[in-house]
Every structure is written in structure tokens, then in C-alpha cells.
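Structure, as C-alpha cells:
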Amino acid sequence: MVHVVFLAPRFLENTNRYVRAFAELDGVTLSLVSLDPEEAIPAPLRPRIAAHYRVADLLDSAQLTAAVRAIAGAVGRVDRLAGFLEQLQLPMAEVRDALDIEGMTARVARNFRDKDRMKEVLRGHGVPVARSVLARSPGDLAGFIAQVGFPVIVKPQAGLGSRATFRLERDDDLAAVTQPSAAQPLQVEEFVRAREHTCETVTVRGVPVWRSGTRYFPSPLEVLETAWVQYCVLLPREDDDPTWTRFHPTNAAALAALFGDQAGTAAGTALTHMEWFLRDDGTGLVNEVGARPPGVHIMPLMGLAHDTDLFADWARLIAFDAFTARPRRFAAGSAFFRGQGGGSRVVAVEGVERAVAEAGDALVELRAPQLGQPRAEGYEGEGWAIVKHATTDGVKRALRVLIEAIQVRYA
């Protein structure tokens, strides 16, 4: 039996998908560490949980180390430590180092988590990335802008997706961001005019064994900058589309650089999420890489397109260093609904019936915004839909219908 400890922040719908995936694996003994009490574990899963330990802060590696050590003492040696959130990757790696658990080390995790270090590692291995600097003072920021010119992108050194990311177009925009300091540096990059894609890659001990990829419509930065825009993620039917396949060598080089000399170990077993730019001249540029499953519904989209359960596949990958590659049989996509107006609650939702009728059989799941629902704090919006079709054009049509027909207003 392989003893897996999984970090489950709260027992919410998405987290429970991962818990269930590990719980249903034959040959796995599953223990949990969470912020929630044991009674919050879904009742159907409780019989499969060997141990549970509650902590006050999942980002505190000292608390996590104490929790995992206690679980090991009660259940037995821990073979794998897993979690799907970006911000958990470094604390988990520090626990692995402290308790000699096989998997990604802190040295490798920092290559993914620290965005300035990531860029330096990639640049040092000849992987194309945007020009950037870690600004530790207003002078550093001003000097970089003088070198590359406006616009520039500023983001946290250890960011989450596109959160707290801003585009600065002119000197007046500098007032909109907290000035960098030694205590709170900012990652500053040249602005790249390009189309944004993703490349999801399964590596087993550093060797790529499977890839998938999506396209954002519009880019995440545009979504952040335009609060009312409704956006989509498209996973095309064609797994041999040269748009993505031409990027695969760059993807492989980037992952080899980030895994480093740990590539031949369990540190290199992962499902990574790489965001990359395709410029008008056809060249690709790596933006950011996360050593964890992707968000914005890409996990269920990959499952639909490849006729599999990617949550279960990821659990098996982490537990056993094993993955079965499956061909892509469908296109899939997700649409995210956001409203117009300056209020804090949803006061109108229109076009749902029309959207359902026109999307037809392509519609897999719809969570329409509800009247009175609080305005979402993040960019995900108040509702979403997932679609699937035998062709890429069929998914595009369904996504267009959804974002054009469903209109949301705040007040």
C-alpha cells in the first residue's frame, strides 16, 4: 500500500474531487490535512480516510511537518504528500525535505513558485521568456521601464495565476501599484503582444508522456483589466494542431530546466500548467509555469476531451508514478459569466433559456448566476458553463452562444 497524505484546505466541491480520486484508488492508504474539522469530510469518503489532522495554517511548513509526522506515527510511513493549489507547493516541498518524503524538493519548487527565479532559470537554459527584473526599489522599476519602455507588466514575486497583475502604460499608472521595496519586491516584465495559450504536461520522473493545451479568449490580463468581459477557455479537438505541437520542444526544454538534476526522481513526476505566448511571427514565449493541476476548469475539460477522469489520472500519477495516455476524441470549452454595473449583487440574469436551447447537446453543465448572488471577488465570475463537441468549431459556436446570450447586471 502507498500512504498518501493530501492537503485539503476546505472540503468544498472542487477539493472533494481530488479527495475522492485518491480515496477510490486501489493500493492507496489516504490521510488528510485540512483547515476544516474531521466532521466536514463528506460522509461517503470518511470510511476511506485513515487519518485526519487539522491545522490553523496550511501555508506554515512547520505546522504541516508536525501534522504529517503525527500521521506517520499513527498510520505508518508517508510515501507521497500531495496538494493541488499553487501556494501549497513550496510548503509541501519543505515538509518532504524535512521528513525525507519522495517527491518535489524545495529547491525545485522554488524554480516554479518564485517567478523571478523561474525566469532566470529558463533564460539561463536558452528558453525564450520576456525581459524581466525583480524590482526591489522604485529606482529598479524606473530603470527597467527606461530600458524596455512602456507598457510593462508588474506582478508579485510569487503570484497566483494573474491575480494582482497590472499593465502600466505611462508614468501616471505608477501610482496604481504599491512601489517595490526590499521587503516586497515586484516582478516587472516587458509587455508581450501575443495570443495566450496553455500547455498542460504530464511528466513521469521528468519525462513528458502526455500533453494537452488550451487557448484563452481573451487573455487573462484583459479579463482582469475589463471587469465586465465574459471569457472562454477552448481546448481544441485537434491534438496535432501545429499551433501547439511547434511549442512542444520549448515546453520540454523549460520543464527540463525547472526540474534540473531532480528530473530523474519523483520530484519530476507532475502535471504542470504552462502559460505561453504565441507571437505574430509564429514564435513561442514561456510566460509562467505551475507544478500543479490547472484551474479555470481545464481539468474537467481535459477529461471530457480525452474521455477520461483527469482527477483520478492525476491521483494515480502522484501515488504510483504512472499515467495512461489517452487520445483526444472531442473538443471542449468553458465560459465564465460576469456582469455589468457597479453594484455588489446580481440583480438581473437574462438569456439563460435561449443559451441552453441554442447550445443544444454541446452543453455539459451550466451554473447560471443567481439573483441576489454577491459579486465575485475574483475574476472567475458568478457562473460558468462547460461544453463538449466532436469538432472545435462546434465548441466555438456553443461558447459564443453562451457568452452572447447570457447577460448579467449588478446593482
**Asked** Does Leu90 fit the bill of being surrounded by 15 or more Cβ atoms within 10 Å (Cβ to Cβ) and under 20 Å from Thr105 (Cβ atoms)?
**Response** yes
**Message:** Testing Arg316 on (1) under 24 Å from Glu380 (Cα atoms); (2) of a type outside the set (A, V, I, L, M, F, W, C); (3) outside the structural domain of Trp384 (by TED's automatic domain parsing), one condition comes back false. Which one is that?
**Reply:** (1)
**Complete:** In region 285-339, anything part of a loop (DSSP other than H, G, I, E, B), over 17 Å from Asn16 (Cα atoms) and under 13 Å from the mean Cα position of the chain (by Cα) is listed as Ala291
**In region 375-411, the residues that are surrounded by 18 or more Cβ atoms within 10 Å (Cβ to Cβ), free of Cβ contacts under 8 Å to residues at least 40 places away in the same chain and of a type in the set (A, V, I, L, M, F, W, C)** = none
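Which one is nearest to Phe337 (Cα to Cα), of the residues in region 376-408 that are of a type in the set (Ser, Thr, Tyr) and out of contact with any Leu (no Cβ under 7 Å at 6 or more places or on another chain)?
Among those residues, the one meeting the criterion is Thr392.
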**Message:** Which condition from (1) buried (at least 17 other Cβ atoms within 10 Å of the Cβ); (2) farther than 19 Å from Thr198 by Cα; (3) touching a helix residue (DSSP H, G or I) at 6+ places or on another chain (Cβ under 6 Å) is the one that Arg354 breaks?
**Reply:** (1)
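Could you list, in sequence order, all residues of region 371-400 that are under 27 Å from Thr243 (Cα atoms), of a type outside the set (Lys, Arg) and either out of contact with any strand residue (DSSP E or B) (no Cβ under 9 Å at 6 or more places or on another chain) or part of a strand (DSSP E or B) (or both)?
Hits for region 371-400 are Trp384, Ala385, Ile386, Val387, His389.
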**Message:** Could you check region 3-53 and list, in sequence order, the residues that are closer than 20 Å to Ile101 by Cβ and either among the hydroxyl-bearing types (Ser, Thr, Tyr) or surrounded by fewer than 16 Cβ atoms within 10 Å (Cβ to Cβ) (or both)?
**Reply:** Tyr18, Gly27, Thr29, Ser31, Ser34, Tyr53
**Message:** Report every pair of residues separated by at least 6 positions or lying on different chains whose Cβ atoms are under 7 Å apart, first residue within region 354-369 and in contact (Cβ under 8 Å) with a residue 24 or more places away in the chain and not assigned by TED's automatic domain parsing to the domain that holds Trp384, second charged (D, E, K, R) and not in a helix (DSSP H, G or I).
**Reply:** none
**Prompt:** Can you pull out the residues in region 105-127 that are in contact with a Lys or Arg (Cβ under 7 Å, 6 or more places away or on another chain) and over 14 Å from Gln157 (Cβ atoms)?
**Reply:** Thr105
**Asked** With Pro220, Pro242 as the choices, which residue is more than 23 Å from Leu81 (Cβ to Cβ), under 17 Å from the mean Cα position of the chain (by Cα) and either among the aliphatic types (A, V, I, L, M) or surrounded by fewer than 21 Cβ atoms within 10 Å (Cβ to Cβ) (or both)?
**Response** Pro220
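Yes/no per residue for (1) closer than 29 Å to Leu371 by Cβ; (2) aliphatic (A, V, I, L, M):
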position	(1), (2)
Gly264	no, no
Pro293	no, no
Leu301	yes, yes
Asp309	no, no
Ala312	no, yes
Ala331	no, yes
Gln340	yes, no
Ser344	yes, no
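Here is a yes/no grid of residues against (1) of a type in the set (Val, Ile, Thr); (2) touching a strand residue (DSSP E or B) at 6+ places or on another chain (Cβ under 7 Å); (3) modelled with pLDDT under 95:
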position: Asp26; (1), (2), (3): no, no, no
position: Ile49; (1), (2), (3): yes, yes, no
position: His52; (1), (2), (3): no, yes, no
position: Thr65; (1), (2), (3): yes, no, no
position: Ile71; (1), (2), (3): yes, yes, no
position: Ala74; (1), (2), (3): no, yes, no
position: Val78; (1), (2), (3): yes, yes, no
position: Leu90; (1), (2), (3): no, no, no
position: Ala98; (1), (2), (3): no, no, no
**Members of region 33-53 found to be outside any loop (DSSP other than H, G, I, E, B), in contact with a Leu (Cβ under 8 Å, 6 or more places away or on another chain) and of a type outside the set (Phe, Trp, Tyr), listed by number** = Val33, Ser34, Arg48, Ile49, Ala50, Ala51, His52
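The values are calculated or read from the model by the stated rules, or taken from the named source; none is laboratory data. Computed from a predicted structure; not experimentally measured. Quick reminder, even Gly has a Cβ in these numbers, built from the backbone with ideal geometry, and neighbours come from all protein chains shown.
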